[in-house]
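Since the structure comes first, as structure tokens, the remarks are kept for the end.
The values are calculated or read from the model by the stated rules, or taken from the named source; none is laboratory data. Predicted model only: the values in this text are computed from it and were never measured. Every residue, glycine as well, gets a Cβ built from its backbone with ideal geometry; the counts of neighbours run over all protein chains shown. Note: areas computed on protein heavy atoms with side chains; ligands, DNA, RNA excluded. Shrake-Rupley method; radii C 1.70, N 1.55, O 1.52, S 1.80 Å.
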Amino acid sequence: MTRPQPAPAAARSPAVSSPLGLHRVLEPAGVLPQAARQLDASPAIWPDEVRVGVRRLNLDAASFRQLTEAAGGDPAAVRAAVLDIVASRGKMQNPVTGSGGMLTGVVEAAGPDSPLGLAPGDRVATLVSLSLTPLVITDGLARWDGRSEQVPCAGHAILFGRSIAAVLPEDLPAELSLAVLDVCGAPALTHRVVAAAPAAPVVAILGAAGKSGSLSAAAARRAGARRVIGVVPHEAEAGLLRAAGLADEVVIADARDPVGVSAAVGRAGGPADVTVVCVDVPGCEGGAILSTAPGGTVIFFSMATSFSAAALGAEGAAADVTMLVGNGYVPGHAELALGLIRSEPGARGLFTRRID
């Protein structure tokens, strides 16, 4: 496939950099980097930027699932698709899901005006999406088998003045930290909503045995939930979740079946005051809405969510619920998630199993 070749950065860049990364947008002009079709990922940094030597990518679950299904399960085709996306777009943004993931690496250079507080040699994880991060891969993903969300690789990435990154903790394996930080917005937002409830709420987690789901369950309990109901699709995940001890009730239901999932949540002590959607497949909006009590809150933390389907579904069901989009950023989200993985052996066990 012939890939578009951008003009040299020096010929197309504006006179000044933007903390939002607008100076790295090649096309279309005037949009934010996440909405751009192509970014300038050249390695020379502006005074407020940081260049990171990439060590590992973590593709978000919805994107990895879509790439795998589109490739018919062929790992080589998945690898080729990721390489083509990065080469043509200057970033890792799945054109179908619109999502990306995040990365770990080592700081190679930090501009004198960068506000991120990073220095060369720091081991970091980016807490902003790959869908807006200028990225170059230089090793052809030769060490990745195409079968997992975590992608060992070499290359470089650029962080802007408004980007977010965390120095990797020394007490946790890098692979584990990457997996946790990839989803740290979900438990943080869950904790905030549950803690703010006027009375101890019933919380339902759709996809409770996954990465974001298991940490959200742990966060809900820590924030004072009266009951945590974990919803999983089959007995294998139900067994793992029961063994982890993160939910008071574990139910098996297809999150895409609105009546079925709401009935299952009801039998387990629902409807829920707070429902958190952490399922990486489309079509889960109706079940989440029907599982939530009038006046309750639904948090959609999945890139597979159709927000028009959620809005119109709630209207059609006359459901008086507040719906929140989990945007991945809550102040203190990295510290909260890492604290949970340190203090909750059940959650750590689920993550370790997934990584292995």
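In this structure, is GLY346 surrounded by fewer than 19 Cβ atoms within 10 Å (Cβ to Cβ), among the small types (Gly, Ala, Ser), in contact with a helix residue (DSSP H, G or I) (Cβ under 9 Å, 6 or more places away or on another chain) and modelled with pLDDT of 95 or more? Yes; evaluated as a whole, the condition is true for this residue.
Let's see how each residue does on (1) farther than 27 Å from ALA110 by Cα; (2) outside any loop (DSSP other than H, G, I, E, B); (3) at pLDDT below 95; (4) open to solvent by 40 Å² or more (accessible area, probe 1.4 Å):
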| residue | (1), (2), (3), (4) |
| --- | --- |
| ALA10 | no, yes, yes, yes |
| LEU26 | no, yes, no, no |
| GLY30 | no, no, yes, yes |
| ALA44 | no, no, no, yes |
| VAL54 | no, yes, no, no |
| ALA76 | yes, yes, no, yes |
| ALA80 | yes, yes, no, yes |
| ALA87 | no, yes, no, yes |
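If we scan segment 179-186, do we find a residue that is open to solvent by 40 Å² or more (accessible area, probe 1.4 Å) and part of a helix (DSSP H, G or I)? No - not one qualifying residue is present in segment 179-186. Look at segment 122-142: where a residue is closer than 16 Å to LEU22 by Cβ and a partner is of a type in the set (D, E, K, R) and open to solvent by 10 Å² or more (accessible area, probe 1.4 Å), sitting 6+ places away or on another chain with Cβ atoms under 8 Å, you get PRO134/ASP40. Touching a Lys or Arg at 6+ places or on another chain (Cβ under 7 Å) and touching a residue at least 24 places away in the same chain (Cβ under 8 Å): does that describe THR104? When the stated conditions are applied, THR104 passes them. Quick check on segment 89-115: of everything there that is among the hydroxyl-bearing types (Ser, Thr, Tyr) and open to solvent by 20 Å² or more (accessible area, probe 1.4 Å), which residue is modelled with the highest pLDDT? Of everything passing the filter in segment 89-115, SER114 is modelled with the highest pLDDT.
Here ALA310, ALA319, ALA293 are screened, and the one residue that is farther than 27 Å from ILE164 by Cα, touching a strand residue (DSSP E or B) at 6+ places or on another chain (Cβ under 9 Å) and at pLDDT below 95 is ALA310.
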